[in-house]
Amino acid sequence: MNRLTTIFLSVVIAVAVVGFFVGLGQGVPQPDGMLDTAMVAQLDHETIQKNPKLIPAVSYSQIADTPMGPTKAWQSMSQTLSKPQYDLYTKFEQSEAEKEASSKLRASRRAFNGAPPVIAHPVENTTDAACYACHGNGVKMAGLKASVMSHEFLGNCVQCHAPMAPTPFRSLDATVQTSFVGLPAPKQGKRAYQGAPPTIPHSQWMRQNCSACHGGPNGWAGMQSTHPWRTNCTQCHAPSASLDQMPDADSVPMLPPLEVVAK
Ligand code: HEC
Ligand code: HEC
Ligand code: HEC
Ligand code: HEC
């Protein structure tokens, strides 16, 4: 009796396994009559691809990366957004007034020089991709300029960049008494002689992308260099001796000195 059960079960399992592989080999089952319909029967794969109304069936694993439906042509990657036309060699007048205005606007968004600027607009979507779509290369919209990220890509933008307070709280005075005074923002780099390239008066920490501020279509007005096409900036502009070239660079690399100026 026991032996018969074993033989019977072995046969059942063997048939099931064979059936499984035969099934796999035959591919996705088609609904009955599908291949007989006038529309599909005579069409080969190429024709189906060319007719936008016929959507070829894809496997489950292909669904995620197959664009379908009316939004098929939309691109969700910032790399594929159109870039502004910009002539690197445009001549422009450097204006002290513009530089002054840009410095003021920048300072108004920072707790101190070098601090991450607050987000100057309401935030609906706090995912990095949303921020990056506008701040990856910068854009101009409605007379405003979204500045280019000055540092490399860092995840979780709102960890450092604080969103604006919600409207009802915007008029509240939330200042906290503190004696902290940040280091003054640098104005100009030192030069060995007139006409020599100025040294970089600020640290390169979080400012790796020089053209975010000093050039490009979305840089800061008045702060552009006259030569945005010279790509290797530090070939001529020496990094700051006290901020970036500390002999004991391992201790606090690239950070400004930590002493605080009391008022
Ligand atoms: C639709 C485009 C768009 C998106 C999306 C967007 N921003 Fe902005 N951002 C702007 C514009 C335009 C300005 C300039 C506003 C102004 O000058 O009043 C700006 C200003 C800023 C500033 C001030 C920059 C400075 O140097 O003064 C920061 C910081 C900022 N945004 C961070 C973010 C973060 C973080 C996100 C994602 C949560 C984000 N933005 C999403 C368009 C955008
Ligand atoms: C670890 C903290 C940190 C994270 C995370 C971070 N940032 Fe920043 N960001 C900074 C600091 C600090 C500065 C200021 C650099 C300066 O002015 O010296 C800055 C500057 C900026 C600026 C202004 C550049 C200018 O013109 O002055 C933009 C725009 C910006 N970040 C966008 C982003 C976006 C978008 C993300 C997310 C993808 C992000 N940041 C993630 C710290 C951060
Ligand atoms: C977040 C914005 C920002 C980034 C990024 C940045 N800088 Fe600056 N830079 C400034 C500001 C602000 C000043 C102050 C003088 C001014 O207003 O032009 C300055 C000044 C300078 C000066 C002195 C200009 C003069 O007239 O004496 C040099 C040179 C310079 N930067 C080079 C660089 C280089 C090289 C890089 C890339 C490693 C860089 N900067 C990245 C904002 C930036
Ligand atoms: C081949 C050498 C060289 C390279 C590379 C170079 N610069 Fe300069 N830069 C100079 C010289 C020389 C001056 C001084 C020009 C003057 O005083 O007329 C200068 C001046 C500047 C100034 C002050 C404003 C101005 O234009 O006079 C800024 C800001 C600046 N450079 C930024 C940059 C940035 C950002 C880069 C990288 C994209 C860069 N430079 C690459 C040589 C160079």
*Answer residue from segment 103-150, given it is among the charged types (D, E, K, R) and exposed (fewer than 13 other Cβ atoms within 10 Å of the Cβ) and is farthest from ligand 4 (Cβ to nearest atom) among those*: GLU124
*For segment 232-245, which residues satisfy the criterion of being more than 23 Å from GLU100 (Cβ to Cβ), among the polar types (S, T, N, Q) and more than 6 Å from ligand 4 (Cβ to nearest atom)?*
THR234, SER242, GLN245
*Any idea which residue in segment 238-248 is modelled with the highest pLDDT, counting only those that are within 16 Å of ligand 2 (Cβ to nearest atom) and part of a loop (DSSP other than H, G, I, E, B)?*
PRO239
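When the residues of segment 151-165 are narrowed to those that are touching a residue at least 40 places away in the same chain (Cβ under 8 Å) and more than 8 Å from ligand 1 (Cβ to nearest atom), which ends up surrounded by the fewest Cβ atoms within 10 Å (Cβ to Cβ)?
Checked segment 151-165; the qualifying residue surrounded by the fewest Cβ atoms within 10 Å (Cβ to Cβ) is GLU152.
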_Pairs where the first residue, in segment 86-106, is closer than 13 Å to GLY215 by Cβ and within 12 Å of ligand 3 (Cβ to nearest atom) and the second is assigned to a helix (DSSP H, G or I) and modelled with pLDDT under 95, C-beta under 8 Å, 6+ apart_ = none
*Would you confirm whether any residue within segment 164-175 is in contact with a Lys or Arg (Cβ under 8 Å, 6 or more places away or on another chain) and polar (S, T, N, Q)?*
no
*Residue match in segment 69-78 (condition: at pLDDT 75 or above and of a type in the set (S, T, N, Q))*: no
*Can you find even one residue in segment 219-227 that is surrounded by 17 or more Cβ atoms within 10 Å (Cβ to Cβ), modelled with pLDDT of 90 or more, within 14 Å of ligand 4 (Cβ to nearest atom) and aromatic (Phe, Trp, Tyr)?*
yes
_Can you go through VAL158, VAL123, VAL148 and tell me which one is among the β-branched types (Val, Ile, Thr) and part of a helix (DSSP H, G or I)?_
VAL158
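The values are calculated or read from the model by the stated rules, or taken from the named source; none is laboratory data. Since the model is a prediction, treat every value here as computed from it, not as a measurement. Quick reminder, even Gly has a Cβ in these numbers, built from the backbone with ideal geometry, and neighbours come from all protein chains shown.
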